[in-house]
Amino acid sequence: MLATLLLPLISLTTVNATENTIKLGYEGFYSHLNGFKKGNYKNIDLRFNLAGEKQYQCKIQQGKIVTEKSTYPIVLAKDGAILLPFDKQLKTDRAVVELSVNEGDQQSCHLGVSIEASVRRDNDYGAILSELDRVFSDFAGFPMKYFRPKLSGLTLVAQADLKWHASNGEIISLKATQAHHYFLPKALIEQGGQLIGPVDKIRPAM
């Protein structure tokens, strides 16, 4: 289950079908970013992505932030995530985020909000798990915080098999849930140990 289910989606404010452009008010992005900043999360990143049905790529060709007086380019991550600045002035100026997609995709794409852990040279998986749990609790709101799924561990995206060196010296091969995705159980993290092998992404597992 993705973290997107716990965070509200930002609704499209305008769709321009003739120019293959999706237009969204920056204010919705700012609201999410502001809540994240207030939480002071050190290990977690907030990510915005376009998604759709399998037949639609929803691949962003380019993006920009537009106000009445200025236009700014948008930076896209390698996986297509939309990287936006946290800027109160853009909110005040009623800025619009314009995303250019493939022809025909713009009416079938939706914006998702998800969370991932920052990948560092020496990740503290215990701290990541604890902070993810706090994020879900903070963003779920009442009464959903009483019904939200519990974290079962972490999903690690890696190019090669991963192993866990437990605190008792045991070497444990992590189970692959799909190609390049490995499950690191909460119980192993809480018992202590170190991951063997580099990872590309760290996501919550429910």
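Structure summary
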| quantity | calculated |
| --- | --- |
| Spacing of the two label points (7 Å from each Cα toward its C-beta) at N168 and K37, in nm | 4.7 |
| Amide proton proximity set for L174, modelled H, under 5 Å, gap of 5+ | L162, K163, W164 |
| Zone residues, the stretch 186-206, relative to K150, backbone N less than 18 Å from point 7 Å out along Cα-to-Cβ | 186-192, 204-206 |
| Packing-based ranking, highest mean first, of 24-31, 156-163 given that Cβ atoms within 10 Å are counted | 24-31, 156-163 |
| Residue-count net charge about K88 - beta-carbon cut-off 14 Å; Lys, Arg +1, Asp, Glu -1 | +1 |
| Sequence ranges 89-95, 123-129, ranked by mean other-Cβ count within 10 angstrom, highest first | 123-129, 89-95 |
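Taken together, the values in this text are just the output of simple stated rules run on the coordinates, not laboratory data. What you are looking at is a predicted structure, and each value in this text was computed from that prediction instead of being measured. Backbone-built Cβ (ideal geometry, glycine too); neighbour counts: all protein chains shown.
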